[in-house]
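**Student:** Questions regarding the structure given below will be posed in turn.
The values are calculated or read from the model by the stated rules, or taken from the named source; none is laboratory data. Every value quoted in this text rests on a predicted model; they were computed, and no experiment measured them. Don't worry about glycine lacking a Cβ; one is built from the backbone with ideal geometry, like all the others, and counts go over all protein chains shown. Quick note on the areas: whole protein, heavy atoms, side chains included, nothing else; ligands and nucleic acids left out. Shrake-Rupley method; radii C 1.70, N 1.55, O 1.52, S 1.80 Å.
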Amino acid sequence: MKKRVLIAMSGGVDSSVAAALLVENGYDVIGVTMQLWDYSKNESSCDPNSKFDTCCSLDDVADARLVAHKLGIPFYVFDYQDDFKENVVDYFTDEYLKGRTPNPCVACNTFLKFDHLLDRAQRLGCDFVATGHYAKIQYDEIYDEYKLLKGLDSQKDQSYFLYSLTQERLSKVLFPVGGLSKPEVREIAEKYGLVNAAKKESMEICFIPNNDYAKFISNRVQDSDLIKGEIRHEEGQLLGTHDGIHQFTVGQRKGLKISYANPLYVTRIDSETGTVFAGEDKYLLRSGFSFKQFHMVRNFGSEIDFEVKIRYRSAPCKAILEKNGDFVTLRFQTPQKSVTPGQIAVLYKDNEVVGGGFIDKVFI
């Protein structure tokens, strides 16, 4: 019997080609789009100048449906807007209100997409769930474990967003485009005559109009929820005031609205007092941090030397992992800049994802 696969189709070219490759390889394929955010009800939808750089709009759903029809596979749309609001949008808002910088794409993958997709796959009698992520899975027969690996295309690799996958989930997930480059994916889309072969990529947060996250947050809460306060230099000098710590993130340079002889960056945020600290480049350096909700993909024994990415686009740097019960910390071999509470840090060993978690307390 053919293995049945549920493929998550966002309407973009990557998941569409993933679906085409599954069909080409003889799988029984079912296409699914998750309706996550209703743009027509968004508080900014009445503004004609609002612009969404989306990955789940009604146009994207339509594109996914056209691709499914072209490939001759059944297609369904499932509504998960309430879960998306709770697990992604509300989390995003709450973290910024606390002076932390969230990563909604990781939250979407960790707390929403794979949970619901695997549940839906089971109900539809599917053996696997597939997505268009640029990552690879490799089974290690010796240790009876699954490895999560970087995608072949280093410019498109998305393994960072998948660090929270468990062994059980890895055994049921397929990444058909993980061994391809983006140009190769577009070539395959052209070969199949897919409507989205040349479609541009969504680069910003899908539910934020005009990429103005501070306005989005302030529109969703009461003014009394905003923590206002002072902007001070790391050496104590008062530089100005602000209307809410949600407007700032560690490492930020633009938008501080202060005048100073040297370029200044946000170095840390005190959510208790509402004080935003700023300083020259040298004040951004940090020696390490503690993890919150740390997860390892598989057992690495007593290994402690890894490389870490402290944000998606950052270059990996060498670090030492220290575990004391549930308390997990990371020490950089060389101090790093702009280590940001709330962001995700992901560990690697060569091309393999070791694990990761939320950056919590940052060490000077």
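**Student:** Given (1) closer than 30 Å to ASN87 by Cα; (2) touching a residue at least 60 places away in the same chain (Cβ under 8 Å); (3) open to solvent by 40 Å² or more (accessible area, probe 1.4 Å); (4) part of a loop (DSSP other than H, G, I, E, B), where does THR249 come up short, assuming only one miss?
**Tutor:** Looking at each condition in turn, THR249 falls short on (3).
**Student:** Now for a different question. Scan region 252-266 for residues that are surrounded by 12 or more Cβ atoms within 10 Å (Cβ to Cβ), part of a loop (DSSP other than H, G, I, E, B), out of contact with any His (no Cβ under 8 Å at 6 or more places or on another chain) and among the aliphatic types (A, V, I, L, M) and jot them down.
**Tutor:** LEU256, ILE258
**Student:** OK, next. Kindly establish whether LYS337 is open to solvent by 50 Å² or more (accessible area, probe 1.4 Å), within 23 Å of ALA107 (Cα to Cα) and among the basic types (Lys, Arg). Full working, then the answer.
**Tutor:** Numbers: open to solvent by 50 Å² or more (accessible area, probe 1.4 Å): yes; within 23 Å of ALA107 (Cα to Cα): no; among the basic types (Lys, Arg): yes.
So LYS337 fails the test.
**Student:** Residues in region 124-146: is at least one assigned to a strand (DSSP E or B), small (Gly, Ala, Ser) and either exposed (fewer than 15 other Cβ atoms within 10 Å of the Cβ) or at pLDDT 95 or above (or both)? Spell out the reasoning first.
**Tutor:** Residues of region 124-146 that are assigned to a strand (DSSP E or B), as a first pass: 128-130, 135-140, 145-146.
Cutting the leftovers down to small (Gly, Ala, Ser) gives us 130, 135.
Imposing the further condition that a residue be either exposed (fewer than 15 other Cβ atoms within 10 Å of the Cβ) or at pLDDT 95 or above (or both) reduces the set to 130, 135.
So far as region 124-146 goes, yes, one or more of its residues are assigned to a strand (DSSP E or B), small (Gly, Ala, Ser) and either exposed (fewer than 15 other Cβ atoms within 10 Å of the Cβ) or at pLDDT 95 or above (or both).
**Student:** Taking the criterion of being within 14 Å of GLN138 (Cβ to Cβ), hydroxyl-bearing (Ser, Thr, Tyr) and at pLDDT 95 or above, would at least one residue in region 169-191 satisfy it?
**Tutor:** Our first condition is that a residue be within 14 Å of GLN138 (Cβ to Cβ); within region 169-191, this holds for 170-171, 173-175, 178-179.
Still in the list and also hydroxyl-bearing (Ser, Thr, Tyr): 171.
The next check asks that each one be at pLDDT 95 or above; those that pass are 171.
Checking region 169-191: at least one residue is within 14 Å of GLN138 (Cβ to Cβ), hydroxyl-bearing (Ser, Thr, Tyr) and at pLDDT 95 or above.
**Student:** Which residue, of VAL221, VAL185, is surrounded by 14 or more Cβ atoms within 10 Å (Cβ to Cβ), over 22 Å from TYR312 (Cβ atoms) and not basic (Lys, Arg)? Spell out how you get there, then give the answer.
**Tutor:** Numbers: VAL185 fails: over 22 Å from TYR312 (Cβ atoms).
Of VAL221, VAL185, the one residue that is surrounded by 14 or more Cβ atoms within 10 Å (Cβ to Cβ), over 22 Å from TYR312 (Cβ atoms) and not basic (Lys, Arg) is VAL221.
**Student:** Suppose the filter is open to solvent by 20 Å² or more (accessible area, probe 1.4 Å), at pLDDT 95 or above and either in contact with a Lys or Arg (Cβ under 9 Å, 6 or more places away or on another chain) or among the hydrophobic types (A, V, I, L, M, F, W, C) (or both); does ILE205 pass it? Step through it out loud before you land on a result.
**Tutor:** Values: open to solvent by 20 Å² or more (accessible area, probe 1.4 Å): yes; at pLDDT 95 or above: no; either in contact with a Lys or Arg (Cβ under 9 Å, 6 or more places away or on another chain) or among the hydrophobic types (A, V, I, L, M, F, W, C) (or both): yes.
When the stated conditions are applied, ILE205 does not pass them.
**Student:** Give me the pairs, please: first residue somewhere in region 292-321 and on the phi > 0 side of the Ramachandran plot and exposed (fewer than 13 other Cβ atoms within 10 Å of the Cβ), second residue anywhere and at pLDDT 95 or above and assigned to a strand (DSSP E or B), beta-carbon distance under 9 Å, and either six or more positions apart or on two chains.
**Tutor:** From residues that are on the phi > 0 side of the Ramachandran plot and exposed (fewer than 13 other Cβ atoms within 10 Å of the Cβ), the pairs are GLN293/GLY357; GLN293/PHE358; GLN293/ASP360.
**Student:** Just need a number here: residues in region 328-351 that are in a loop (DSSP other than H, G, I, E, B) and hydrophobic (A, V, I, L, M, F, W, C).
**Tutor:** Step one: filter region 328-351 for residues in a loop (DSSP other than H, G, I, E, B), giving 338-343, 350-351.
Within this subset, residues satisfying the condition of being hydrophobic (A, V, I, L, M, F, W, C) are 339.
Number satisfying all stated conditions: 1.
**Student:** Now a separate question. How many residues, within region 58-79, are among the hydroxyl-bearing types (Ser, Thr, Tyr) and surrounded by 21 or more Cβ atoms within 10 Å (Cβ to Cβ)?
**Tutor:** As a first pass, look at region 58-79 and keep what is among the hydroxyl-bearing types (Ser, Thr, Tyr): 76.
Checking which are surrounded by 21 or more Cβ atoms within 10 Å (Cβ to Cβ) leaves us with none.
Result for region 58-79: 0.
**Student:** Determine the pairs where a residue that is in contact (Cβ under 8 Å) with a residue 24 or more places away in the chain, located within region 83-97, has a partner that is of a type in the set (Asp, Glu) and surrounded by fewer than 20 Cβ atoms within 10 Å (Cβ to Cβ) with Cβ atoms under 7 Å apart, the partner being 6 or more residues away or on another chain.
**Tutor:** LEU97/ASP225
**Student:** Among (1) touching a strand residue (DSSP E or B) at 6+ places or on another chain (Cβ under 9 Å); (2) aliphatic (A, V, I, L, M); (3) at pLDDT 95 or above, there is one condition LEU226 misses while meeting the rest; what is its number?
**Tutor:** (1)
**Student:** Test LYS150 against the stated conditions and say whether it is at pLDDT 95 or above, open to solvent by 30 Å² or more (accessible area, probe 1.4 Å), under 21 Å from ASN299 (Cβ atoms) and within 19 Å of the chain's Cα centre (by Cα).
**Tutor:** yes
**Student:** Shifting gears a bit: Could you figure out which of (1) open to solvent by less than 80 Å² (accessible area, probe 1.4 Å); (2) over 19 Å from PRO335 (Cβ atoms); (3) part of a strand (DSSP E or B); (4) free of Cβ contacts under 8 Å to residues at least 40 places away in the same chain isn't true of ILE269?
**Tutor:** (4) is the only condition that ILE269 fails.
**Student:** Sticking with this structure for a sec: Can you pull out every residue in region 199-213 that is touching a residue at least 60 places away in the same chain (Cβ under 8 Å) and either more than 16 Å from the chain's Cα centre (by Cα) or more than 30 Å from LEU22 (Cβ to Cβ) (or both)? Outline the logic, then answer.
**Tutor:** Kept after step one, since they are touching a residue at least 60 places away in the same chain (Cβ under 8 Å), are these residues of region 199-213: 199, 201-211, 213.
Within region 199-213, LYS199, ILE208, PRO209, ASN210, ASN211, TYR213 meet the criteria.
**Student:** Does region 346-355 contain any residue that is open to solvent by 40 Å² or more (accessible area, probe 1.4 Å), in contact with a Leu (Cβ under 9 Å, 6 or more places away or on another chain) and touching a residue at least 24 places away in the same chain (Cβ under 8 Å)?
**Tutor:** yes
**Student:** Which numbered condition trips up ARG232, out of (1) open to solvent by less than 80 Å² (accessible area, probe 1.4 Å); (2) within 29 Å of LYS156 (Cα to Cα); (3) of a type in the set (Lys, Arg)?
**Tutor:** (2)
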